[in-house]
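For reference, the structure discussed in these notes is given below.
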Amino acid sequence: MTLLIELWRFTPLENPTVYERGNYEENSFIVVLRQSIAFLMEFTRKQAYACLFGAVLLAVIFLTRYFTIPFISRYDFIFIFAIATQFALIALKLETKREVLMVAVFHVLATMMELFKTSPGVGSWVYPQVGEAVFHIRTVPLFSGFLYSAVGSYLARVWRMFRFRFSPYPPFWMTMVFAAMAYANFFTHHFLPDIRISLFIIAVLLYGRSFVYFTIAARERRMPLLLGFFLVALFIWIAENIGTFSSVWLYPFQAHGWSLVPFHKLGAWFLLMMVSFILITTIHKRSLYEQ
């Protein structure tokens with residue numbers, strides 16, 4: 001009971017001095033537990049804020065599987081809802097002008113890739129209800145670009161919320177060349193040899209020594225940057241499974257019934273995550289090399 005009372009009295013955001021040595025005994029179980037809870041609460045709060053756009057969009061995608069919106073197609077409703085959400089984030093000043101610009105760039109690049117990937121000659125995946133939508137270009141409903149924009153929005157906001165810094169960070173021009181190669185491979189591997197394995201090796205060579213430093217609950221921590229890329233890609237893969245389960249888009253092997261997206265798809269999301277991250281660095285170029 002005493003333990004519960006002590007935990008109840010602790011407010012991590014209002015009492016950052018809890019982390020200062022000397023406030024409590026260094027090896028006290030209560031102190032360790034308080035620090036862990038403070039870290040978890042702050043981390044969860046910031047992550048929830050950063051992925052707000054993506055989480056809302058994913059929730060609408062899932063809910064529209066079970067609820068039909070009258071007088072409008074499912075894809076058009078998602079598209080209009082995504083635009084309204086984006087305007088709300090701007091009006092509430094939850095996104096900066098530069099972040100909105102990057103989201104727009106993501107949308108354009110994503111739509112270009114979607115048009116190629118869903119074309120009849122490629123058919124990597126399909127949008128089964130695209131014919132019912134007003135807002136679409138050929139085989140692609142326009143809301144699909146927001147699926148990628150949500151990743152860009154998350155990266156831009158999480159960078160700001162966690163006050164990212166990196167050490168060491170590879171030369172900027174090398175990362176831009178890598179991003180261009182990775183993005184191009186999403187197209188060219190259908191006709192030319194797939195250089196995905198080479199891209200993974202280059203990624204390790206570029207970022208293998210890099211750490212991302214982030215601040216949570218008044219303390220700065222660090223993580224290998226490649227591990228951060230992998231964890232975000234893992235969550236995108238989970239979101240993709242929710243999307244395909246909701247039948248918003250489907251892979252050919254899911255045409256006769258839903259099944260889990262193969263784990264090897266995580267590699268593609270890993271590379272796409274890196275491309276997204278490198279695009280975001282263009283608005284944070286100065287801070288990349290600050291120590």
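Among the conditions (1) within 21 Å of P170 (Cα to Cα); (2) at pLDDT below 95; (3) surrounded by fewer than 15 Cβ atoms within 10 Å (Cβ to Cβ), F214 misses just one, which is (3). Exactly one residue out of L109, L3 is hydrophobic (A, V, I, L, M, F, W, C) and at pLDDT 85 or above, and it is L109.
Among the residues of region 163-220, those identified as among the β-branched types (V, I, T) and under 22 Å from the mean Cα position of the chain (by Cα) are T175, V177, I202, V204, V212, T215, I216.
Listed here are the residues, each with its yes/no results for (1) modelled with pLDDT under 95; (2) small (G, A, S).
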| position | (1), (2) |
| --- | --- |
| S153 | yes, yes |
| A156 | yes, yes |
| W159 | yes, no |
| P168 | yes, no |
| T175 | no, no |
| A179 | no, yes |
| H189 | yes, no |
| A203 | no, yes |
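Could you go through region 242-263 and let me know if any residue there is under 28 Å from F164 (Cβ atoms) and among the small types (G, A, S). Scanning region 242-263, I find at least one residue that is under 28 Å from F164 (Cβ atoms) and among the small types (G, A, S), so the answer is yes. Residue check: P128 meets all listed conditions (1) assigned to a helix (DSSP H, G or I); (2) touching a Ser or Thr at 6+ places or on another chain (Cβ under 8 Å) but one, namely (1). Do we find that V261 is surrounded by 16 or more Cβ atoms within 10 Å (Cβ to Cβ), more than 19 Å from G152 (Cβ to Cβ) and free of Cβ contacts under 8 Å to residues at least 40 places away in the same chain in this structure? So V261 fits the description; yes. Sub-8 Å Cβ pairs linking a first residue in region 190-216 that is closer than 19 Å to R165 by Cα to a second residue that is of a type in the set (G, A, S), at least 6 apart or interchain, are S210/S167; F211/S167; V212/G228; Y213/S167, ordered by first then second residue. For the structure I just gave you, tell me whether L225 is more than 28 Å from Q129 (Cα to Cα) and free of Cβ contacts under 8 Å to residues at least 60 places away in the same chain. Spelling it out, L225 is indeed more than 28 Å from Q129 (Cα to Cα) and free of Cβ contacts under 8 Å to residues at least 60 places away in the same chain. Residue-level check: of (1) outside any helix (DSSP H, G or I); (2) within 26 Å of R157 (Cα to Cα); (3) modelled with pLDDT of 75 or more; (4) hydroxyl-bearing (S, T, Y), T68 misses just (2).
Can you spot a residue in region 274-291 that is closer than 22 Å to T139 by Cβ, of a type outside the set (K, R) and out of contact with any strand residue (DSSP E or B) (no Cβ under 8 Å at 6 or more places or on another chain)? No, every residue in region 274-291 fails to be closer than 22 Å to T139 by Cβ, of a type outside the set (K, R) and out of contact with any strand residue (DSSP E or B) (no Cβ under 8 Å at 6 or more places or on another chain).
F116 meets each of the listed conditions (1) touching a His at 6+ places or on another chain (Cβ under 9 Å); (2) more than 30 Å from P262 (Cβ to Cβ) apart from (2). Out of the residues in region 46-65 that are in a helix (DSSP H, G or I) and over 16 Å from the mean Cα position of the chain (by Cα), which is surrounded by the fewest Cβ atoms within 10 Å (Cβ to Cβ)? Only one residue fits best here, namely L63.
Taking region 105-124 as the range and being in contact with a Ser or Thr (Cβ under 8 Å, 6 or more places away or on another chain) and either in a helix (DSSP H, G or I) or surrounded by 17 or more Cβ atoms within 10 Å (Cβ to Cβ) (or both) as the test, the residues that pass are F106, H107, A110, T111, E114, L115, K117, T118.
Looking at L192, L272, just one residue is on the phi < 0 side of the Ramachandran plot, of a type outside the set (D, E, K, R) and crowded, with 17+ Cβ neighbours inside 10 Å, and that residue is L272. Of all the criteria given as (1) closer than 27 Å to I202 by Cβ; (2) surrounded by 18 or more Cβ atoms within 10 Å (Cβ to Cβ), the one not satisfied by F143 is (1). Among residues of region 35-46 that are more than 14 Å from E220 (Cα to Cα), those with a beta-carbon under 7 Å from a residue that is assigned to a helix (DSSP H, G or I) and at pLDDT 85 or above at least six positions away or on a different chain give the pairs K46/M161; K46/F162.
The values are calculated or read from the model by the stated rules, or taken from the named source; none is laboratory data. Keep in mind the model is a prediction, meaning the values are calculated, not measured. A quick note on method: Cβ atoms are made from the backbone with ideal geometry, for glycine too, and the neighbour counts reach across all protein chains shown.
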